[in-house]
Structures are given as C-alpha cells and as structure tokens.
Amino acid sequence: MRFPTLLVPARLIRRYKRFLADVILDDGREVTAHCANPGSMMGLAEEGMKVWLEPNDDPKKKLKFGWRLVDHENGHFTGVDTSVPNRALKAALIAGEVQGLEAPNVRPEVKYGEKSRIDFLLSGAGPDCYVEVKSVTLCRQPGLAEFPDSVTARGLKHLGELTKIVAGGERAVMLYLVQRTDCDRVGIAADIDPAYAEGLKTALAAGVEILCFDCQISPEAVDVGNPLPFVGL
C-alpha cells in the first residue's frame, strides 16, 4: 500500500488527547497533526522523535497533517496509524498473497455478532473465514512485538465474537499485523491487559486461529510481509 501523498519528516513535540500531536517541520514551522491511534503508543511518543507526516489539502479536514510513521533513525520504522494495516491487508488478500488466507472473495467491514463488524470475511474456499486484524506496535524486549499496549475492552469483545463464529462451524482468525520492522516474533502483553490474555486463551481453546505477519515499512509504502511466530501467553 503506497501512501497517496509524499510523506514529510518532522520532530515530535508531544502527543496529547490521544488523537493530536504537535510537531516541528524541517522548515521550522510548528503544526498539529492528527494521530490515528487510540492506544498508549508506549515508547513511540517521546519528545524529539523523528516522525513522518502525510500532508493533505482537503478543505473538510481541520488538520492538514496525519502522523503515519516513527523513524527510529537506525534503519527501522514503526507505523502508528491503526487504519493502515487493514488497507495494506486488503490489497494483499485480494491479490492472494497472505499465506493461509487465500480465498476468491474478500469482503471488508461485514456486520456480524452483536453490533460488531469483522475486518474481513473471506468466502469461496471452504467454510467462511472471519478475520479480525490488530495492529501491533509495542516492543519492550528486543525483537518481541506485543499486543495490546493498553487495556482493550473492544479487543476482548472481538475475541468473544470470534469464539461464537467457531462454535457455529465457521473459521475464525485473529491476525496480528506487526507495524514494526525491528521485530521477529509476537506475544501478548498479559501484564498490561490480563483480561485480554485470558480471553485469548479461551478463544484459542475454542478453535480460533492465530496468524502473525510483519510489515515492510518505509516513507513510501507499508506492505504486508512475512509470517512471524506467535510465542504464546
């Protein structure tokens, strides 16, 4: 998934009210960017970090920049926009490039369960497959990506919905897409959200599957990469 607009570099001043970030552009201007990430962004919102913004000239948008990446300045990037994984994954699914999720029909945002929407419903290759996607950006140990970075009641609800799907005879997949280029395995941050960890154990015991993938990330594009191992709870 290529960014439709050329990203521009900046330095982070602060992130606040979850969805706002003040930054300094290379030309010295201080601007406020939209931060499309409801999580804690632990380790990704420190003052002085190099970030990449997507500018826009849409008159309907109050903020003229969207925060897309953290540049760790060591050759690695983290994607902070939680809407990007679904966009990148949609293209990969339609192209049949996601190992284990090959299907002729790909439908995003389909209503199911109790007032929920599944990220992707795959059909035409055996039982319908319900795929819930989570963006993973937390890294507290070298190489280990963890989810979640804050308590997620919504995520716990999704696990319950997937469990019901399996009970109905269809396939359900919890897909963790790691928006970091410096991680080679995925785990659960049970200390941050014990309820989510227990909910995942229950879902796995019921037959919900886990798939993990990394991403290829640059200021030009974010694409689904290779499978990663899930190291358990």
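In table form, for the structure just shown:
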item	result
Rg and Dmax [Cα atoms of segment 1-91; Å; Rg one decimal, Dmax integer]	12.5, 37
Stretch gain in nm, segment Glu102-Arg14, where the contour uses 0.36 nm per residue and the Cα spacing is subtracted	27.5 nm
DSSP-defined beta bridges in segment 124-202 - what % are antiparallel, rounded to 5	20 percent
Average projected area [Cα convex hull, segment 132-180], square nanometres	3.7 nm²
Helix 84-94 axis, angle to the chain major axis (alpha carbon atoms, nearest 10°)	50 degrees
From the C-alpha gyration tensor of segment 92-140, square roots of 5λ in Å	20, 17, 8
Segment Phe230-Leu144, length gained on full extension (0.36 nm per residue, minus Cα span)	30.0 nm
Carbon/sulfur fraction of accessible area - the chain, other protein chains in place, 1.4 Å, %	51 percent
Convex hull of Cα atoms in segment 70-187, direction-averaged projection (nm²)	7.9 nm²
Debye log10 I(q)/I(0) at q = 0.07, 0.08, 0.12 Å⁻¹ for the chain, Cα point scatterers	-0.23, -0.30, -0.67
Antiparallel DSSP beta bridges within the chain, percent to nearest 5	65 percent
Asn56 paired with Ala91, simple spin-label distance in nm, labels 7 Å along Cα-to-beta-carbon	1.8 nm
Percent breakdown of C-alpha pair distances by 5 Å bin, ordered from the shortest bin, for segment 169-233	4, 16, 22, 22, 17, 11, 6, 2, 0
Between segment 161-232 and segment 6-38, the alpha-carbon center distance in angstrom	29 Å
Inverse mean reciprocal Cα-Cα distance (Kirkwood Rh) of segment 56-138, Å	15.2 Å
Selection of trypsin sites (Lys or Arg not before Pro), segment 1-71, meeting DSSP coil and at most 16 other Cβ within 10 Å	Lys17, Arg18, Arg29, Lys60, Lys61, Lys62, Lys64
Dipole in debye (nearest 20) - the chain, about Cα centre, beta carbon charges: Lys, Arg +1; Asp, Glu -1	740 debye
Potential extension, Asp26-Lys64 segment - 0.36 nm per residue separation minus Cα distance	12.1 nm
Average accessible surface area per residue within the chain, 1.4 Å rolling probe, Å²	47 Å²
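The values are calculated or read from the model by the stated rules, or taken from the named source; none is laboratory data. Here the structure is a predicted model, which means the values were calculated and not measured. Neighbour counts run over all protein chains shown; Cβ positions are idealised from the backbone, glycine included. Ligands, DNA and RNA are excluded from the accessible area calculation, which covers all protein heavy atoms including side chains. Shrake-Rupley method; radii C 1.70, N 1.55, O 1.52, S 1.80 Å.
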